[in-house]
Each structure stands twice: as structure tokens, then as C-alpha cells.
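Single-structure report; data block below.
The values are calculated or read from the model by the stated rules, or taken from the named source; none is laboratory data. From a predicted model like this one, the values you see are computed outputs, not experimental measurements. Note that we place each Cβ from the backbone using ideal geometry, even for glycine, and neighbour counts take in every protein chain shown. Remember, those area values only see protein heavy atoms, side chains included, never the ligands or the DNA or RNA. Shrake-Rupley method; radii C 1.70, N 1.55, O 1.52, S 1.80 Å.
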Amino acid sequence: MGKITIAIDGYSSTGKSTIAKRLAKSLHYIYVDTGAMYRAVTLYALDHDLINDKGEINAPKLVEALPDIALKFVPNPETGRSDMHMNGQNVEEEIRSMRVSGKVSKVSAIKEVREKLVKMQQQMGKDKGIVMDGRDIGTVVFPDAELKLFMTASPETRAARRYKELLENGEEVSYAEVLKNVQERDLIDSTRSISPLKKAKDAIEFDNSDMGLEEQFERVHDFAQRVI
Ligand code: C5P
């Protein structure tokens, strides 16, 4: 078989992007972090006062502004990865903050936001040779993907991983706050009416709570080799 499409879905902070990035590199495939796209739209909404103090989103105004939000992944030679640029600005760091994490699931539940981003994602993957991670990749974006993984881990394991990352980025945050955010996002993401997070029927479920990075990578790489 030639190049394939690999869809990696799962709950927040399951380490999807770490594995997806590494897999893409080893296969010489493109990697796309769709969470970064939803996060960038959320940052736009926050910066344009489209989310009030109570956390309510002005959805009609945000939908109206969608054509003005240009998203692009730009390779960063320093890190060897791609950074999310929104309207020409590198927002990679800002989109990972708790300010954005706290609102992104609500923004992602808006139908028009999903329509715009899903279309872009399908375009990015039209020639295959892609590893894409998110919540609805195997169910909605690429239902015909040749390999689908659904990653899970306990909420505590996931919150501990995210907490460590945030501290490394210099963010002042407590573990309890991160755990609450992870649980809230899981709940909103899996119960929303449009494209809820769920395992595709033909996805391989992969619980990595007790697995180191090396072992995870080897297993996932092995799954891919069997299909390619
Ligand atoms: O993957 P990450 O945790 O960065 O995603 C942030 C949020 O973006 C998720 O909690 C979810 O609300 C939303 N998302 C989504 N569909 C995707 C990717 C992310 O709804 N394909």
C-alpha cells in the first residue's frame, strides 16, 4: 500500500500529539494538530471580547468573524516543529495557556466553527501521507482513514502530564485546576451534539496510563507498519 491516512483521537492530554508527531516524523508524513486550530479560534474570540466574564460566547459575532481568521501551520526551524500562526502572528505559546484551555471546548461546540475547520483539515489530508490528531478525525474528518487509534488514560494521569507541561511553560497553575479543566473538557467534548468525541467503530483503543513513551511509540509504529 502507498501512503495512508492515520487518525488519532482521544481524550484531553492523552499524549496524542507526542505520539502523532513522532509517528509522522518516522514515516515522513505530515502531522496536523487539529486542537491547535480550535485553540486559535478561541484565542481570537477572547482577544476580540467575544467571550464575556461569565464565559458566554457571542456565537453569532464569532461566526461572522470566521472568514477573518486565517490559520496556518508554519515550520519553526528552531524546534523542528510547526507553530500555529493566526492572522500572521505566532500564537503557539498563547494557545496552550489555561485562559484558552478553559474556553476551547465551548468554542469547539459551535457548528460553523467545526464546519470551517473540518473543511481545512480534509484539504490538508487530501493526498494522504498524514497523521492527524483530535477528537473527530476518525469519525468525521477522515471516516475512511486506513488506521484509526483512540487513545485513553486515566484523568489523573492525563492531568499530571498536562500540569508538568504547563509548569515547564512557566504558567502558575495548580494540579487541582488542571484536573478540573481536563474533566470539564472531556465532558463537554463527549456530550456535545455535533461531532462528539467517541471511538470510531473501527478504531483501535489504546490505553497508555502505564506506558512509557518508547513503548507507546513502538506499538503505534507497529500498528502502522501492519497497514502500510
Ligand atoms: O487536542 P487539544 O487538547 O489541544 O484540543 C483542545 C480542544 O479542542 C479539545 O478539548 C476540544 O474541545 C477541541 N477539539 C475538537 N475537535 C478536534 C480537536 C480539538 O473539538 N478535532
Completion exercise
Scanning segment 121-153 residue by residue, those of a type in the set (Lys, Arg), touching a strand residue (DSSP E or B) at 6+ places or on another chain (Cβ under 9 Å) and on the phi < 0 side of the Ramachandran plot turn out to be Arg135, Lys148
Exercise for the section: Test Arg22 against the criterion of being closer than 30 Å to Asp207 by Cα, touching a residue at least 24 places away in the same chain (Cβ under 8 Å) and either open to solvent by less than 70 Å² (accessible area, probe 1.4 Å) or more than 15 Å from the ligand (Cβ to nearest atom) (or both), and give yes or no. Expected result: yes
Practice task
Determine, yes or no, whether Ala45 is more than 10 Å from the ligand (Cβ to nearest atom), in contact with a Leu (Cβ under 7 Å, 6 or more places away or on another chain) and open to solvent by less than 20 Å² (accessible area, probe 1.4 Å).
Solution key: yes
Practice task
Looking at (1) under 16 Å from Asp186 (Cα atoms); (2) buried (at least 19 other Cβ atoms within 10 Å of the Cβ); (3) within 12 Å of the ligand (Cβ to nearest atom), find the lone condition where Arg114 falls short.
Solution key: (1)
Handout entry: Extreme residue, nearest to Ile6 (Cα to Cα), among residues of segment 120-138 that are surrounded by fewer than 24 Cβ atoms within 10 Å (Cβ to Cβ) and of a type in the set (Gly, Ala, Ser)
Key = Gly129
Practice task
Out of Ile57, Ile30, report the one residue that is closer than 19 Å to Glu184 by Cβ, modelled with pLDDT of 95 or more and open to solvent by 20 Å² or more (accessible area, probe 1.4 Å).
Solution key: Ile57
Exercise for the section: Taking Ser97 as the residue in question, decide whether it is in contact (Cβ under 8 Å) with a residue 60 or more places away in the chain and within 11 Å of the ligand (Cβ to nearest atom). Expected result: no
